[in-house]
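Below is one structure, written out as structure tokens; the observations come after it.
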Amino acid sequence: MRPYILAETNWKAIKEQQIDLAVLPWGATEAHNYHLPYGTDVIEADYISAEAGRIAWEQGTKVMVLPTIPFGVNTGQSDITLDINLNPSTQLLILKDIVEVLNRQGIHKLLIINSHGGNDFKPILRELGLKYPEMFLVTCSWFQALDKKEYFDEKGDHADEMETSLILYLTPDLVLPLEEAGEGKERKSKVRGIKEGWAWSERKWSMVTEDTGIGNPKAATKEKGERYFKAVTQKMAELMQDMAQVDFRNRYEV
Ligand SMILES: [Zn+2]
């Protein structure tokens with residue numbers, strides 16, 4: 001029964017507990033190449049938030065990790081069976097209700113730990129920040145916290161070597177043998193600006209990749225996953241500590 005995991009703790013503990021920072025992990029439910037589970041982003045969000053929360057808690061941070069939201073923005077995967085889409089405008093409504101609770105109850109710091117590339121909380125937090133000026137609202141995509149090149153050989157951003165290594169480390173029973181995985185080849189746009197990355201258009205997933213993966217997972221190992229998990233949770237724990245400690249009204253360096 002971990003006291004910093006809301007789903008595990010109880011009213012007896014909570015009613016006396018000081019909470020300086022709420023953490024909301026946010027995942028997605030979607031196909032991850034042939035070999036990883038639909039819950040990959042949720043599993044990553046659960047484990048990374050819980051472990052970072054543990055590190056921060058043990059160093060004295062009054063943190064509370066809320067249950068992971070299991071659905072994300074999958075507008076580009078509308079023809080992939082059972083990829084469950086939440087529209088960005090729905091995410092705004094969900095977040096608004098959660099922030100409303102925190103704000104009313106005097107928990108004025110919220111960190112969203114994002115686990116899915118299609119989720120973009122920045123415009124939403126801009127809008128909610130205007131409505132709730134007492135709230136310190138922060139979002140961080142854990143997969144952008146480190147330089148992946150230092151941990152993995154193959155590039156990618158979906159069901160790639162990084163995600164496969166993580167799931168091999170966290171929930172190995174849920175990974176098919178890597179011989180069954182596709183190569184995660186990405187077809188590039190014919191529009192040069194998009195191909196070069198300085199213009200953007202949402203990727204139509206079923207046209208961009210054959211197996212729903214982007215990035216070759218074949219070189220994944222659980223050892224790589226463990227090394228990355230330890231580094232990324234340490235970094236997320238530091239973010240939690242910094243957020244909990246900072247004076248919101250005086251939060252910029254001189
Ligand atoms: Zn993923």
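Here are a few things to note about the model shown:
- Of Ile124, Ile167, all but one fail to be within 15 Å of the ligand (Cβ to nearest atom) and touching a Leu at 6+ places or on another chain (Cβ under 7 Å); the exception is Ile167.
- Subset of region 220-254 [out of contact with any Ser or Thr (no Cβ under 7 Å at 6 or more places or on another chain) and among the β-branched types (Val, Ile, Thr)]: Val232, Thr233, Val246, Val254
- Selected residue (criterion: nearest to the ligand (Cβ to nearest atom)) from residues of region 16-34 that are of a type outside the set (A, V, I, L, M, F, W, C) and closer than 20 Å to Leu6 by Cα: Gly27
- One residue from Gly118, Gly72 being open to solvent by less than 10 Å² (accessible area, probe 1.4 Å) and of a type outside the set (Phe, Trp, Tyr): Gly72
- The set of residues from region 61-85 being over 15 Å from the mean Cα position of the chain (by Cα) and either closer than 16 Å to Pro25 by Cα or part of a loop (DSSP other than H, G, I, E, B) (or both) comprises Thr61, Lys62, Val63, Met64, Ser78, Asp79, Ile80, Thr81, Leu82, Asp83, Ile84.
- Gly197 being without any contact (Cβ under 8 Å) to a residue 12 or more places away in the chain and at positive phi: yes
- Tyr47 being within 15 Å of Ala159 (Cβ to Cβ), surrounded by fewer than 22 Cβ atoms within 10 Å (Cβ to Cβ) and touching a residue at least 24 places away in the same chain (Cβ under 8 Å): no
- Qualifying residue in region 35-44 (condition: away from the ligand (no atom under 16 Å from the Cβ) and assigned to a helix (DSSP H, G or I)): no
- For Gly225, the conditions (1) under 26 Å from Asn74 (Cα atoms); (2) surrounded by fewer than 21 Cβ atoms within 10 Å (Cβ to Cβ) are fulfilled apart from (2).
The values are calculated or read from the model by the stated rules, or taken from the named source; none is laboratory data. All values derive from a computational prediction rather than experimental measurement. Here Cβ is always computed from backbone atoms with ideal geometry, including for glycine, and neighbour counts include all displayed protein chains. Protein only, heavy atoms only, side chains kept; ligands, DNA and RNA dropped before computing areas. Shrake-Rupley method; radii C 1.70, N 1.55, O 1.52, S 1.80 Å.
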